[in-house]
Structure formats: C-alpha cells, structure tokens
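Novice: Can you keep this structure in mind? I'll have questions shortly.
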Amino acid sequence: VNNLTEVTEFFLVGFQVSHGLRIFLFCLLLVIYWGTLCGNLLIMTLVSTSRNLRTPMYFFISQLSIGDLLVFTDIVPNMLHILLKNGATITFIGCISQLFLFCGAEVFECFLLTVMSYDRYVAICNPLRYTSIMTVAHCVKLSITCWLIEFSIILIYFIKISNIIFCVPILFIPITIIVISYINIILAVLRIPSSTGRQKAFSTCSSHLIVVSIFYWAIFSVYTVPTKGQTLTISKILSLLYTVFTPFINPIIYSLRNRDIRKAVQELLHKCGIH
C-alpha cells in the first residue's frame, strides 16, 4: 500500500506589512476595483450604443475591456479577501479554475493586441482599402479566432502542464507580429509629406502602443526576468502591475483626449436625461 498525500488546498500568504498599511492597500484596491469595473463597462456600453464608435478600432477596444474584466474579476476579489484576512486558503479545484480563467484571459489579450496592431497597420499603410478589408464580419472572425486560440493553448497547457514549453511562444509570437506591424506603420508615417499628417496618423495608434508597452513590460518583468535576488514582495508588486494596474489604466488611456469617447459619453448622458 502506497502512502500518498493528496493536496486539497493551498494557503495564500498576504503582504507582510503592518495592519494599518494592509487596510490602506485594501481601500486603495477596492477603489481601483470599482474604477476598473465602471471604466471598462462604460467603454463596452458606449461602443455598443454609440454610432460614432461602431468602427473596428473601438470594437477591438471593447473586446479588450472584456479581457480586462475577466482578468480583474478573477484575481482582485480574492486579493481583497487576502488583504482583509491577512491570508486565506483556496481549494485545489478553485486554484486550477482561477488559473485557467486568468491564463486564458491573458492569452486572449496577447493575441487581441496583435489583431489591434494589424488593424492600425491596415488603417495607416492601406487606408483606401481599410473599409473593405476591416469589415464587421472580418472583425468578428478575428475576435473569435483570438478566443479559439486562447482556449486551444490553455487546453494544451493544462494537458501537458508544461509552463516552460508554452510560456515563451505565447509571449514572443504576438509581440513579434506587433513589432513587424509597427515597423511598417512607422515607415508609412515617415513617407507622409506634411508634419500635420504624420502627427494625425501616429496619434491613431499611440494609445494602442502605450497599452502594448505597459502590458508586455509587466509580463516580461514577471515571467522572463530572472527572479534571483528578487524578494517575495517585489514579485507580488510586479504581478499587481498587469493583474490590477493594466486593466485599470487601459480605459483611461483609450478615453484620454479622445473626442469620440467624450462625444459618446455626452450622448449617453443626454439619453439618460442628465445634462
């Protein structure tokens, strides 16, 4: 008879800080939680209700908001509980389920950001054919493809249980396509004769470039930078960057100085009778 120990739950260690600082972090995270929910839900509502935002770019932004909400709602409520109780337990099934949803949403965002860079590439490098290429049906197909790739990769990941084999391609394949797209975008922008035209063309993809930079910088900091010399607290802070900060900042980046978003908000408020 083999004496085997079955793991049924895990103990999650919180931040090893004072009680006062832990309460402050709880309140801060709670504010960010509601801000993220409201910001991403607002973008999804505006894109679905405003005629001015029924374009491929805003369609993909709304899909990104869905991915952000999946990541955020999967991680943050449990994190709030850990901060409040200074530690918590999670069952083995609960841990696997949370990991599956989190990894799936992250993989989806990796490939969606790649699709968004392709959208900007077509808009700037081939503007005359943009409407014929980026049709509603084509955009929906690209979004569905991202979801299918996500489910396929995560399914293989959990079958093989091989983080080393599958983590690197998931990160490097999308970022390689994004870099190639932006090289072509920059070359196309530089060929525009007027400085006003160059500025207008680059402004259409600047928000996406900022989001991509923050997203991949945070992920590379956690998963590819050597952890030797890193304390547990630093690792936790780096993990917070892309699980909490990125979903919170994305709606702000895409709505900041965006006339279409501001106009859509005004229209929505007018429909609700708020002036």
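The values are calculated or read from the model by the stated rules, or taken from the named source; none is laboratory data. Not measured: the values here are computed from a predicted model. Cβ placement follows ideal geometry from the backbone for every residue including glycine, while neighbour counts extend to all protein chains displayed.
Novice: From the list SER117, SER152, SER132, SER62, which one is small (Gly, Ala, Ser), surrounded by 21 or more Cβ atoms within 10 Å (Cβ to Cβ) and either at pLDDT 90 or above or assigned to a helix (DSSP H, G or I) (or both)?
Specialist: Going through SER117, SER152, SER132, SER62 in turn, just one is small (Gly, Ala, Ser), surrounded by 21 or more Cβ atoms within 10 Å (Cβ to Cβ) and either at pLDDT 90 or above or assigned to a helix (DSSP H, G or I) (or both): SER117.
Novice: In the stretch 13-45, what residues are at pLDDT below 70, surrounded by 14 or more Cβ atoms within 10 Å (Cβ to Cβ) and under 18 Å from ASP74 (Cα atoms)?
Specialist: GLY14
Novice: For the stretch 221-243, check the following and say yes or no: at least one residue is assigned to a helix (DSSP H, G or I), in contact with a Phe, Trp or Tyr (Cβ under 7 Å, 6 or more places away or on another chain) and either among the acidic types (Asp, Glu) or modelled with pLDDT of 75 or more (or both).
Specialist: No; the residues of the stretch 221-243 include none that is assigned to a helix (DSSP H, G or I), in contact with a Phe, Trp or Tyr (Cβ under 7 Å, 6 or more places away or on another chain) and either among the acidic types (Asp, Glu) or modelled with pLDDT of 75 or more (or both).
Novice: Follow-up. Answer yes if at least one residue in the stretch 197-207 is among the aliphatic types (A, V, I, L, M), on the phi < 0 side of the Ramachandran plot, at pLDDT 80 or above and part of a helix (DSSP H, G or I), and no otherwise.
Specialist: no
Novice: For the stretch 26-46, which residues satisfy the criterion of being without any contact (Cβ under 8 Å) to a residue 60 or more places away in the chain and either touching a helix residue (DSSP H, G or I) at 6+ places or on another chain (Cβ under 8 Å) or of a type in the set (Lys, Arg) (or both)?
Specialist: Correct list: PHE26, LEU30, TYR33, LEU37, LEU41, MET44.
Novice: Scan the stretch 65-111 for residues that are over 24 Å from VAL211 (Cα atoms) and either surrounded by 20 or more Cβ atoms within 10 Å (Cβ to Cβ) or at pLDDT 90 or above (or both) and jot them down.
Specialist: Hit for the stretch 65-111 is LEU83, nothing else.
Novice: From the residues in the stretch 244-264 that are of a type outside the set (D, E, K, R) and not in a helix (DSSP H, G or I), which one is modelled with the highest pLDDT? Lay out the reasoning, then the answer.
Specialist: Filtering the stretch 244-264 down to residues of a type outside the set (D, E, K, R) leaves 244-256, 258, 261, 264.
From the residues that got through so far, the ones that are not in a helix (DSSP H, G or I) too are 256, 258.
On the way: LEU256: 65, ASN258: 73.
Only one residue fits best here, namely ASN258.
Novice: Could you tell me which residue of the stretch 181-196 is modelled with the lowest pLDDT, considering only residues that are small (Gly, Ala, Ser) and in a helix (DSSP H, G or I)?
Specialist: Start the filter on the stretch 181-196 by keeping residues that are small (Gly, Ala, Ser), which leaves 181, 188, 194-195.
Still in the running and in a helix (DSSP H, G or I): 181, 188, 195.
Values: SER181: 87, ALA188: 85, SER195: 80.
The residue in question is SER195.
Novice: Go through the stretch 208-220 and give me each residue that's at pLDDT below 80 and farther than 11 Å from THR246 by Cα. Write out each step before concluding.
Specialist: Filtering the stretch 208-220 for residues at pLDDT below 80 gives 218-220.
Once the filter is applied, which keeps residues that are at pLDDT below 80 and farther than 11 Å from THR246 by Cα, the stretch 208-220 yields only PHE220.
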